[in-house]
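Have a look at the structure below before the remarks.
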Amino acid sequence: NSLVAVFGAVMDMYAEANGKEKWLCKSMTYIRYSKELDAYFGDPKYIYLYRDGRDVTLSFTKAVIGDKHPYVIAQKWAELQRLCLSEQALSPNQVYGVCYEELTAEPEPVLRGLCDFLDIQFKPEMLDGHLSSEAQRTAVSSSLWANLSKPIMRNNSQKFLKGLSEEEIRIIESVAGDCLDALGYTRVFVPEGEEEQFDAGEIEMFHAENRALMQQRQE
């Protein structure tokens, strides 16, 4: 009798109804419940898809939903990365890391490795997901998903170098530098050990600016 059991039953039934033997759910927040998921499913497999936190931040500032201030975005991103990295260290056979930049640059070898991890057969048509009717329907439903109907964007990285200011990049590298280091991303402005420290007043100002920017975007 648990919420995880209800979740598992719904997903199993959905897979069965669609003639599938396996299912996957893409919510980024499941890492917060890994202990409960591990306890119920026994040996679940996690796909840890990670991307440069500075590009993630830039993407969120442009999106129609979500946080808008670099400090708030980077703080939340770093929290999730630390949880994922910790789970990966504890259960390396259950957590498979996929680098966004490697996936977009060389999708086939990365996808083949992922298929081996999931114990499923690679099929070339997996690279043509943007042509599916589901991708077409979803792409027109919201600007959030517009890119789903496009081919893989191979050069969609390091856009933060032009899209963010030096001050914004410094904030991100100060807040999430340890995660950037752990994931193999090179810092631009803030070397390890020289991270800026923000006092309570500055942090409150960041959150106030974030709320104002979110309100503006909603309007």
To two decimal places, what compactness ratio does the chain give when its Cα radius of gyration is scaled by 2.2 N^0.38 Å? 1.12
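Work out the FRET efficiency for Arg154 and Met126 from their Cβ-Cβ distance, taking R0 = 25 Å, and round it to the nearest 0.05. Working shown, then result.
On the way: r = 16 Å, r/R0 = 0.66.
So, using R0 = 25 Å, E works out to roughly 0.95.
Test of understanding: what is the full-extension gain from Lys62 to Ser133, defined as 0.36 nm times their sequence separation minus their Cα-Cα distance? Walk me through the intermediate numbers first.
Details: separation 71, 0.36 × 71 = 25.56 nm, distance 2.65 nm.
Roughly 22.9 nm would be gained on extension.
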Residues whose modelled amide H sits under 5 Å from the amide H of Leu183, counting only those 5 or more places away in sequence or on another chain, are none
How far is helix 107-118 tilted off the main Cα axis of the chain, in degrees rounded to 10, range 0 to 90? 60
Relative to the chain, whose Cα atoms define the longest principal axis, helix 53-62 and its Cα axis are tilted in degrees, nearest 10, by 90
Spelling out what I want: for every residue of region 147-164, take phi, set θ = phi - 60°, compute 6.51 cos²θ - 1.76 cosθ + 1.60 (Karplus), and round to whole Hz; glycine and proline get x. 6, 5, 8, 10, x, 4, 7, 5, 10, 8, 8, 6, 6, 4, 4, 9, x, 10
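Sort 76-89, 198-211 by the packing proxy (mean of other Cβ within 10 Å over each peptide's residues), most packed first. Each step should come with its number before you reach the end.
Numbers: 76-89: 17.1, 198-211: 12.8.
Ranking, from highest mean packing down: 76-89, 198-211.
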Distance in nm between Phe189 and Asp119 label points, each 7 Å along Cα→Cβ, equals 4.8
Mind checking which aspartates and glutamates have their Cα closer than 14 Å to the Cα of Lys35? Skip sequence neighbours fewer than 8 apart in that chain. Asp43, Glu87
If amide hydrogens are placed 1.01 Å from N in the peptide plane, which non-local residues have theirs closer than 5 Å to the one on Gly97? Tyr48
Can you list the HN-Hα couplings for region 178-189, worked out from phi with the Karplus curve (6.51, -1.76, 1.60; θ = phi - 60°), rounded to whole Hz and with x for Gly and Pro? 4, 6, 4, 4, 4, 8, x, 8, 8, 6, 9, 10
Using only alpha-carbon positions, what ratio does the radius of gyration of region 83-147 give when scaled by 2.2 N^0.38 Å? 1.37
With a 29 Å threshold on alpha-carbon distance, the violating pairs from Lys20/Lys150; Lys123/Lys162; Lys26/Lys159; Lys123/Lys159 are Lys123/Lys162; Lys123/Lys159
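Translational D (Stokes-Einstein, µm²/s) of region 27-106 at 4 °C and 1.567 mPa s when Rh comes from the Kirkwood sum over C-alpha pairs?
Values: Rh = 13.8 Å.
Estimated via Stokes-Einstein, D reaches 94 µm²/s.
Heavy atoms only, probe 1.4 angstrom, no DNA, RNA or ligands counted: give me Thr29, Thr61 ranked by accessible area, highest first. Walk me through the numbers before you get to the answer.
Values: Thr29 60, Thr61 35 Å².
From most accessible down to least: Thr29, Thr61.
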Between Gln94 and Leu213, what FRET efficiency comes out of the Förster formula 1/(1 + (r/R0)^6) with R0 = 35 Å and r the beta carbon distance, rounded to 0.05? 0.40
Just to check I understand the Karplus step: with θ = phi - 60° and J = 6.51 cos²θ - 1.76 cosθ + 1.60, what whole-Hz values come out for region 200-217, glycine and proline as x? 4, x, 5, 5, 5, 5, 4, 5, 5, 5, 4, 4, 5, 5, 5, 5, 4, 5
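The values are calculated or read from the model by the stated rules, or taken from the named source; none is laboratory data. Just so it is clear, the structure is predicted and the values come from calculations on it, not from any experiment. Cβ sites come from the backbone with ideal geometry, for glycine too, and all protein chains shown count toward neighbours. When the accessible area is computed, the model is the full protein with side chains, heavy atoms only, and any ligands, DNA or RNA have been set aside. Shrake-Rupley method; radii C 1.70, N 1.55, O 1.52, S 1.80 Å.
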